[in-house]
Amino acid sequence: MLDLLIYLSCGLSAGIVGGYLGLGGGIIMVPFMTLLMGLDIKTAVPVSMSAIVVNSISASNEYLKKNMVDVELGLVLAVFTVLGYITGSYLSDIIPGNYIKLLFSVVLLYTAFSFIRKKKTNPEAPQPVSRGTYLFVSLFVTFLTGIIAALIGIGGGIIIIPVLFLVLNLPLTVVRGTWSFTYGFAAAASTAVYFINDRIDLALVPPIIVGIIIGGKIGGWLGTMAKPRVVKIAFFILLIYTAFKLAYGPLAGMQ
Amino acid sequence: MSEMQINIKNLVKLHTFLWYFLIFWFALAALLYLLELEAAEMFSYTGIVLAIAVTILRLVVISEQFRRLARKRFQLIGYLLILILLVTVILKYLTL
């Protein structure tokens, strides 16, 4: 009973944070399961991935209700993220991951400071680039970030949301809403692969999904009303945390 | 000329229905685990299959909305995504 409540609260907190920021919630669930519950990372990741599929339905509905989702952009993002993940997973056998992690941790630090310093985007202002150009740029950017995410083993949202906000100058609410709509498609492919390989712990899935489906709704609802400054600070903290987490492993290995 | 946008209300209705459906399904599975009944594993197993299936259903609904608006490019992107997902899964299954 206690375990059930603990996993339920894990899903709930991942749903609230993920829904609020437009992320899947893996950044909460995986450390929760590995550090607090003592689970192996190979058990935690597949369970978290299956919960992310459901969180996308829950959180994105709140953004859809407020018309904060660019469905067309979402479809393009999904296709090229999945293609990027597939390419990255093949490249991971060739490219040494540690150097990429170190290099990317520096890029993430730079992104964090650019993100917090960027002025608010006016949603009413005309887009600086044409629709076709921004779809083209976004497919290139997401393909590249998909590759990097697969190479260094982190979720796509923490990279893609700041990149789309900084490069394409899209309003932060639209970027978060669109990504919350999109990540479920990419996560579904991974979940299916884990499922075929019999890597999903079936007993852990129900309480986490019940938690995340409720948390995603609450987080998504809060996210539609969030002040950009608060979201920026939350992303700044997450980017710094991810940058140090990425750099820690390779640096510790060098000593 | 501005292009027609898809009907968001239909997507919201679909997501709302799926939200209730999935919460009911997994709450039932969690309850069965709590009662230590054998059916719990089957419910959890089927639930994961359903979660993947509803993701494909979302894509079909979006693609069909684009088809109705005669926006073939996005309709094709939607079906391309389904194809990529299925090919990824099938290839993984075949290489087991």
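The values are calculated or read from the model by the stated rules, or taken from the named source; none is laboratory data. Only a predicted model underlies this, so the values are computations on that prediction, with no experimental measurement involved. Neighbour counts are summed over all protein chains in view; Cβ atoms, including those assigned to glycine, are modelled from backbone coordinates with ideal geometry.
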**Message:** Looking for something of a type in the set (D, E, K, R), in a loop (DSSP other than H, G, I, E, B) and within 10 Å of chain A (Cβ to nearest Cβ) - is there at least one such residue anywhere in the stretch B:62-73?
**Reply:** yes
**Item:** Failed criterion for A:Leu8 (all others in (1) under 20 Å from B:Leu11 (Cα atoms); (2) within 14 Å of chain B (Cβ to nearest Cβ); (3) of a type outside the set (S, T, N, Q) hold)
**Value:** (1)
**Message:** Is it the case, given these coordinates, that A:Ala234 is under 30 Å from A:Leu109 (Cα atoms), at the interface with chain B (Cβ under 9 Å from one of its Cβ atoms), assigned to a helix (DSSP H, G or I) and in contact (Cβ under 8 Å) with a residue 60 or more places away in the chain?
**Reply:** no
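Take the residues of the stretch A:20-38 that are under 18 Å from A:Val210 (Cβ atoms) and not aromatic (Phe, Trp, Tyr): which is nearest to the chain's Cα centre (by Cα)? Let's see the steps before the verdict.
Going residue by residue through the stretch A:20-38, those that are under 18 Å from A:Val210 (Cβ atoms) are A:24-26, A:28-29, A:32-33, A:37.
Among the residues that remain, those that are also not aromatic (Phe, Trp, Tyr) are: A:24-26, A:28-29, A:33, A:37.
On the way: A:Gly24: 5, A:Gly25: 7, A:Gly26: 7, A:Ile28: 11, A:Met29: 12, A:Met33: 17, A:Met37: 22 Å.
Within the stretch A:20-38, the match that is nearest to the chain's Cα centre (by Cα) is A:Gly24.
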**Complete:** The one condition A:Met37 fails out of (1) more than 11 Å from chain B (Cβ to nearest Cβ); (2) within 25 Å of A:Lys227 (Cβ to Cβ); (3) among the hydrophobic types (A, V, I, L, M, F, W, C) is (2)
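Among the residues of the stretch B:61-69, is any of a type outside the set (Phe, Trp, Tyr) and over 24 Å from A:Glu72 (Cβ atoms)?
no
Scan the stretch B:33-54 for residues that are more than 8 Å from chain A (Cβ to nearest Cβ) and either modelled with pLDDT of 95 or more or in a helix (DSSP H, G or I) (or both) and jot them down. Full working, then the answer.
Initial filter on the stretch B:33-54 (more than 8 Å from chain A (Cβ to nearest Cβ)): B:35-39, B:42, B:46, B:50, B:53.
Residues satisfying the conditions are B:Ala39, B:Met42, B:Thr46, B:Leu50, B:Ala53.
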**Selection within the stretch A:202-231 - over 17 Å from the mean Cα position of the chain (by Cα), surrounded by fewer than 24 Cβ atoms within 10 Å (Cβ to Cβ) and facing another protein chain (nearest Cβ under 9 Å)** = A:Leu202, A:Ala203, A:Ile214
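Kindly check whether there is at least one residue in the stretch B:41-58 that is touching a Pro at 6+ places or on another chain (Cβ under 6 Å) and under 19 Å from A:Arg199 (Cβ atoms). Even if it seems obvious, please write down each step before you answer.
From the stretch B:41-58, those touching a Pro at 6+ places or on another chain (Cβ under 6 Å) are B:44; that's our starting set.
Narrowing the set further to residues that are under 19 Å from A:Arg199 (Cβ atoms) leaves B:44.
Yes: the stretch B:41-58 contains one or more residues that are touching a Pro at 6+ places or on another chain (Cβ under 6 Å) and under 19 Å from A:Arg199 (Cβ atoms).
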**Message:** As an exercise: evaluate A:Tyr90 against (1) farther than 24 Å from B:Leu34 by Cβ; (2) touching a Ser or Thr at 6+ places or on another chain (Cβ under 6 Å); (3) not in a loop (DSSP other than H, G, I, E, B) and give the number of the one condition it does not meet.
**Reply:** (2)
**Message:** Looking at (1) within 17 Å of the chain's Cα centre (by Cα); (2) at the interface with another protein chain (Cβ under 7 Å from one of its Cβ atoms); (3) modelled with pLDDT of 90 or more, which one does B:Ile8 not meet, given that it meets all the others?
**Reply:** (3)
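May I ask you to say which residue of A:Ser60, A:Ser9 is surrounded by fewer than 24 Cβ atoms within 10 Å (Cβ to Cβ) and not in a loop (DSSP other than H, G, I, E, B)?
Working: A:Ser60 fails: surrounded by fewer than 24 Cβ atoms within 10 Å (Cβ to Cβ).
Of the residues listed, the single one that is surrounded by fewer than 24 Cβ atoms within 10 Å (Cβ to Cβ) and not in a loop (DSSP other than H, G, I, E, B) is A:Ser9.
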**Request:** With respect to A:Gly24, determine if the residue is of a type outside the set (Phe, Trp, Tyr) and in a helix (DSSP H, G or I).
**Result:** no
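Answer yes or no as to whether A:Ile52 is in contact (Cβ under 8 Å) with a residue 60 or more places away in the chain, within 20 Å of A:Gly177 (Cα to Cα) and assigned to a helix (DSSP H, G or I).
Details: in contact (Cβ under 8 Å) with a residue 60 or more places away in the chain: yes; within 20 Å of A:Gly177 (Cα to Cα): yes; assigned to a helix (DSSP H, G or I): yes.
Here the answer is yes, as A:Ile52 does meet what is asked.
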